[in-house]
């Protein structure tokens with residue numbers, strides 16, 4: 001996503017407003033459909049004995065899925081200039097399904113009430129921060145470096161805690177994760193808005209690509225925010 005990493009605010013006229021509205025309609029539609037695919041795939045996996053046996057009898061299937069998901073994200077981000085908008089969109093939807101397979105463990109580990117509550121909390125917090133990123137007059141460019149440094153630190157902390165097994169550290173990591181991905185939601189939304197204002201609506205193919213990569217970024221923000229919320233507040237099954 002490096003090609004979309006730096007942005008600057010642009011004057012907003014009638015054409016820019018329409019371009020932003022058109023782009024965000026696509027972004028949120030793609031993101032919503034991706035979340036639906038993830039939820040359906042997770043539910044199907046968690047409720048199907050064959051899928052449970054296929055994925056959870058050994059670590060290999062989940063490792064393969066994880067590698068495949070990372071590969072798809074890299075393919076979309078690094079190869080976006082060579083992909084058509086429709087191809088990028090289809091890759092995103094495939095990624096959403098694969099992520100649903102791995103996220104099925106959430107349905108197995110936590111009660112349905114916890115999952116529903118975490119999802120509603122995520123939707124509310126995500127919506128508030130995305131609206132802020134869309135309508136704020138502040139330049140959020142400077143947030144990027146701090147948030148990505150925080151994300152790297154978060155990953156390092158999670159790896160270390162895998163060996164330590166500290167419940168206190170897990171709580172701290174979850175709180176930091178929530179803060180970081182709330183910030184990334186606002187930052188990514190503002191970044192997508194700036195891209196829409198700068199690119200205009202003349203190049204439909206490029207607009208389609210930006211919509212897909214924007215949907216992916218916001219989808220990842222939503223999923224990670226949900227995961228940290230349920231780790232912090234979720235009730236595990238007996």
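Among the numbered conditions (1) farther than 30 Å from residue 51 by Cβ; (2) under 18 Å from the mean Cα position of the chain (by Cα), tell me where residue 126 comes up short.
Single failed check for residue 126: (1).
Among the residues of the range 58-83, which ones are assigned to a loop (DSSP other than H, G, I, E, B) and either free of Cβ contacts under 8 Å to residues at least 40 places away in the same chain or under 15 Å from residue 217 (Cβ atoms) (or both)? Don't jump to the end; show me each part of the working.
Kept after step one, since they are assigned to a loop (DSSP other than H, G, I, E, B), are these residues of the range 58-83: 58-59, 79-83.
Selection gives 58, 59, 79, 80, 82.
Look at the range 86-104 and say how many of its residues are over 14 Å from the mean Cα position of the chain (by Cα), surrounded by fewer than 18 Cβ atoms within 10 Å (Cβ to Cβ) and in contact (Cβ under 8 Å) with a residue 24 or more places away in the chain.
1
I'd like the full set of residues that are outside any helix (DSSP H, G or I) and either buried (at least 18 other Cβ atoms within 10 Å of the Cβ) or in contact with a strand residue (DSSP E or B) (Cβ under 7 Å, 6 or more places away or on another chain) (or both), limited to the range 218-238. Give the derivation first.
First, the residues of the range 218-238 that are outside any helix (DSSP H, G or I): 234-238.
Listed by number, the residues that qualify are 234, 235, 236, 237.
Does residue 161 count as under 18 Å from the mean Cα position of the chain (by Cα) and closer than 30 Å to residue 45 by Cα?
Working: under 18 Å from the mean Cα position of the chain (by Cα): no; closer than 30 Å to residue 45 by Cα: yes.
No.
Looking for whichever is in contact (Cβ under 8 Å) with a residue 60 or more places away in the chain, under 30 Å from residue 195 (Cα atoms) and either part of a helix (DSSP H, G or I) or touching a strand residue (DSSP E or B) at 6+ places or on another chain (Cβ under 8 Å) (or both) here; the options are 39, 32. Which one fits? Walk me through it before giving the result.
Values: 32 fails: in contact (Cβ under 8 Å) with a residue 60 or more places away in the chain.
Of the residues listed, the single one that is in contact (Cβ under 8 Å) with a residue 60 or more places away in the chain, under 30 Å from residue 195 (Cα atoms) and either part of a helix (DSSP H, G or I) or touching a strand residue (DSSP E or B) at 6+ places or on another chain (Cβ under 8 Å) (or both) is 39.
Give the residue that is surrounded by the fewest Cβ atoms within 10 Å (Cβ to Cβ), with candidates limited to residues of the range 136-149 that are at pLDDT below 90 and farther than 12 Å from residue 183 by Cα.
Per the criteria, the residue is 137.
Of the conditions (1) surrounded by fewer than 18 Cβ atoms within 10 Å (Cβ to Cβ); (2) within 27 Å of residue 55 (Cα to Cα); (3) without any contact (Cβ under 8 Å) to a residue 60 or more places away in the chain, residue 170 clears all except one; give me its number.
(3)
Given the residues 27, 20, which is the only one that is under 27 Å from residue 130 (Cβ atoms), surrounded by 14 or more Cβ atoms within 10 Å (Cβ to Cβ) and modelled with pLDDT of 90 or more? Break it down into steps so the answer makes sense when it comes.
Working: 20 fails: modelled with pLDDT of 90 or more.
Of 27, 20, the one residue that is under 27 Å from residue 130 (Cβ atoms), surrounded by 14 or more Cβ atoms within 10 Å (Cβ to Cβ) and modelled with pLDDT of 90 or more is 27.
Answer yes or no as to whether residue 42 is modelled with pLDDT of 90 or more, closer than 16 Å to residue 107 by Cα and surrounded by 13 or more Cβ atoms within 10 Å (Cβ to Cβ). It would help to see each step written out before you state the result.
Values: modelled with pLDDT of 90 or more: yes; closer than 16 Å to residue 107 by Cα: yes; surrounded by 13 or more Cβ atoms within 10 Å (Cβ to Cβ): yes.
Yes: the conditions hold for residue 42.
Check whether at least one residue in the range 194-208 is part of a helix (DSSP H, G or I) and either under 15 Å from the mean Cα position of the chain (by Cα) or at pLDDT 90 or above (or both), and report yes or no. So that I can check it myself, show each step before the final result.
Going residue by residue through the range 194-208, those that are part of a helix (DSSP H, G or I) are 194-199, 204-208.
Still in the list and also either under 15 Å from the mean Cα position of the chain (by Cα) or at pLDDT 90 or above (or both): none.
Within the range 194-208 (the criterion being part of a helix (DSSP H, G or I) and either under 15 Å from the mean Cα position of the chain (by Cα) or at pLDDT 90 or above (or both)), the answer is no, since none of the residues qualifies.
The values are calculated or read from the model by the stated rules, or taken from the named source; none is laboratory data. Keep in mind it's a predicted model, so treat the numbers as computed, not measured. Cβ: placed from backbone, ideal geometry, glycine included. Neighbour counts: every protein chain shown.
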